[in-house]
Amino acid sequence: MIKLTKYYPYEWIESPFVIDYGALYAMGVRGLIFDIDNTLVPHGAPCSSAVVELFARLHRLGFATLLLSNNSKTRVECFNTDLNAHIIYDARKPSPQSVYKALDVMQLLPNQVVLIGDQIFTDICAANMATIPSILVKYIGHEKCEWKGFRRYLETLVLLTYKLRKKYQNRLFSVES
């Protein structure tokens, strides 16, 4: 039997732009690891002014930021031009090795870092294997009626079981009843 809990995020939030980063900082989080494509911008799109503003705000709050991407060096460096984030390209997610490298680059411990991404089988799985908290965001383009790829349909099944298992939800932010 497949253990689905290794694919469960700590939180499932609409967008990286609505995360309560102040609350994360108050909890002792000092580093944020971001996926790029379909997390911060549509796949292959250049960095947007909204992302530049988000990263500037995160840096003012005191966060170290890192872009962790399976993309090429050229793509990640170009995206990072105005962000001032650390970068790791060709990350080979879901392997946790790149997450361990990110911790080393940021000089932080696993309990001081959160990974934010749009894919369960790469981003969330890598975070869970590296024992760091994760936030799953809805991938940009989810509202379109187009072929999403087989993995996206499998993710839907994993998220259905996640929704039924309340103890795995809201592990970073408590929900008031």
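The values are calculated or read from the model by the stated rules, or taken from the named source; none is laboratory data. The shown structure was predicted, so the numbers you read here are calculated from the model rather than taken from an experiment. Methodologically, a virtual Cβ is constructed for each residue, glycine included, from the backbone with ideal geometry; neighbour enumeration extends over all protein chains shown. Ligands, DNA and RNA are stripped out before the accessible areas are found, and what is left, the full protein with its side chains, is counted by its heavy atoms. Shrake-Rupley method; radii C 1.70, N 1.55, O 1.52, S 1.80 Å.
Restricting to segment 112-131, name every residue that is in a helix (DSSP H, G or I) and either within 23 Å of Ala23 (Cα to Cα) or of a type in the set (Gly, Ala, Ser) (or both). Give the steps one after another, and end with the answer.
Filtering segment 112-131 down to residues in a helix (DSSP H, G or I) leaves 112, 120-129.
The answer is Gln112, Asp123, Ile124, Ala126, Ala127, Asn128.
Would you confirm whether any residue within segment 127-141 is modelled with pLDDT under 95 and crowded, with 17+ Cβ neighbours inside 10 Å?
Restricting attention to segment 127-141, the residues satisfying the condition of being modelled with pLDDT under 95 are 138-141.
Restricting the remaining residues to those that are crowded, with 17+ Cβ neighbours inside 10 Å gives 139-140.
Yes.
What is the residue count in segment 22-51 for residues that are surrounded by 17 or more Cβ atoms within 10 Å (Cβ to Cβ) and in a helix (DSSP H, G or I)? Steps first, answer last, please.
At the first step, the residues of segment 22-51 found to be surrounded by 17 or more Cβ atoms within 10 Å (Cβ to Cβ) are 24, 29-40, 47, 51.
Remaining after also requiring in a helix (DSSP H, G or I): 24, 51.
Result for segment 22-51: 2.
I'd like the full set of residues that are of a type in the set (A, V, I, L, M, F, W, C), in a helix (DSSP H, G or I), open to solvent by less than 40 Å² (accessible area, probe 1.4 Å) and without any contact (Cβ under 8 Å) to a residue 60 or more places away in the chain, limited to segment 75-111. Don't jump to the end; show me each part of the working.
The first filter runs over segment 75-111 and keeps only residues of a type in the set (A, V, I, L, M, F, W, C), leaving 76, 78-79, 83, 85, 87-88, 91, 99, 102-103, 105-106, 108-109.
Filter once more, so that each one left must be in a helix (DSSP H, G or I): 76, 78-79, 99, 102-103, 105-106.
With open to solvent by less than 40 Å² (accessible area, probe 1.4 Å) added as a condition, the list becomes 76, 79, 99, 102-103, 106.
Result: Val76, Phe79.
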List, please: which pairs have Cβ atoms under 6 Å, are six or more places apart or on different chains, and start with a residue in segment 62-73 that is more than 21 Å from Gly44 (Cβ to Cβ) and modelled with pLDDT of 95 or more and end with one that is open to solvent by less than 30 Å² (accessible area, probe 1.4 Å) and of a type outside the set (A, V, I, L, M, F, W, C)? Ala64/Gly31
I need a count of the residues in segment 52-74 that are surrounded by 12 or more Cβ atoms within 10 Å (Cβ to Cβ) and in a loop (DSSP other than H, G, I, E, B). 4
